[in-house]
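Heads up: the structure comes next, in structure tokens.
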Amino acid sequence: MNIGRLFVILIVVAALLTGGAIYYLQVYAFYDEIAPRGASDVVLTPLGAEEPEPIAHDDFRAIDADSSPIRYRACFTTEMGTPDLAAYEPYPDADPLVAPSWFDCFDAAEVGAALEDGSARSYLSVAEVHYGIDRVVAVFDDGRGVAWNQINACGEVVFDGNPAPEGCPPAPEGYDPAFKP
């Protein structure tokens with residue numbers, strides 16, 4: 001075997017190992033499963049209120065990661081129907097983010113399609129759960145529910161390096177506008 005062929009094999013093996021490591025780090029390494037804590041796991045903000053309140057739910061599963069404030073995903077079931085949920089703040093610009101494939105109860109494409117066709121509705125869970133990030137809950141007509149963190153309108157502006165627009169909370173002291181969630 002000549003030295004050129006050995007060099008090519010080493011490059012291919014290094015590339016495969018690097019690719020595998022990057023895939024593992026993106027999909028598995030930084031996520032932690034969140035143990036259910038009880039009633040406070042699923043909260044919604046009532047119409048006209050600032051503080052969220054717990055809603056009745058079962059079968060709570062969630063994941064999160066310290067590496068980004070928008071990696072939170074959760075699934076649950078609830079017996080609360082559309083009439084009960086009408087008392088909570090709707091979230092009109094809900095855009096579910098993709099979850100890792102191994103967290104199989106959360107399918108962003110299914111949630112997005114259900115929000116579009118009206119078989120699911122989205123609600124504000126917690127405004128500003130992190131600066132510029134809201135927690136959103138979507139509930140399907142069959143009682144399945146999901147939650148995720150989403151960049152809000154204020155966050156979109158500030159994360160682009162611009163000052164917070166009027167009506168938005170000021171950026172926290174020491175906030176680095178170069179940080180991108």
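Each value in this text was obtained by applying a stated rule to the coordinates, not by laboratory testing. These figures come from a predicted structure and were not determined experimentally. Methodologically, a virtual Cβ is constructed for each residue, glycine included, from the backbone with ideal geometry; neighbour enumeration extends over all protein chains shown.
Among residues other than T82 with Cβ under 13 Å from its Cβ, the summed charge is -3 (Lys and Arg +1, Asp and Glu -1). Taking amide H atoms as placed 1.01 Å from N in the peptide plane, the amide H of V42 lies under 5 Å from those of I55, each 5 or more residues away in sequence or on another chain.
Rounded to the nearest Hz, the phi-derived 3J(HN,Hα) couplings of the range 159-171 under the Karplus curve 6.51 cos²θ - 1.76 cosθ + 1.60 (θ = phi - 60°) are 5, 7, x, 9, x, 4, x, 4, x, 9, x, x, 4, where x marks glycine and proline. Considering only alpha-carbon pairs that sit under 8 angstrom and 6 or more positions apart, the relative contact order computed for the chain is 17 percent. Note on A65 and A109: with the Förster distance fixed at 30 Å, the Cβ-Cβ geometry gives a FRET efficiency of about 0.90.
A simple packing score, the average count of other Cβ atoms within 10 Å per residue, orders the peptides 69-82, 46-59, 95-108 as 69-82, 95-108, 46-59, with the highest score first. Using the empirical formula 2.2 N^0.38 Å as the baseline, the Cα radius of gyration of the chain reaches a ratio of 1.28. Note on E116/L47: beta-carbon distance plugged into 1/(1 + (r/R0)^6) with R0 of 30 Å gives a FRET efficiency of 0.80. Label separation (V98 vs N2): 4.2 nm, computed from points 7 Å beyond Cα along the C-beta direction.
Short to long, the 10 Å bins of the Cα pair-distance histogram for the range 65-134 hold 16, 49, 32, 3 percent of all pairs.
Electrostatic tally near L115: other residues with Cβ closer than 9 Å to its Cβ, Lys and Arg +1, Asp and Glu -1, net -2. The peptide list 114-121, 128-135, put in order of mean Cβ contacts within 10 Å with the highest first, becomes 128-135, 114-121. Considering only V139, Q150, C168, and ranking their Cα positions along the charge dipole of the range 48-181 that arises from unit charges at the beta-carbon of Lys, Arg, Asp and Glu, the one farthest toward the positive end is Q150. With both labels modelled 7 Å from their Cα along Cα-to-Cβ, the A21 to V157 distance reads 4.2 nm.
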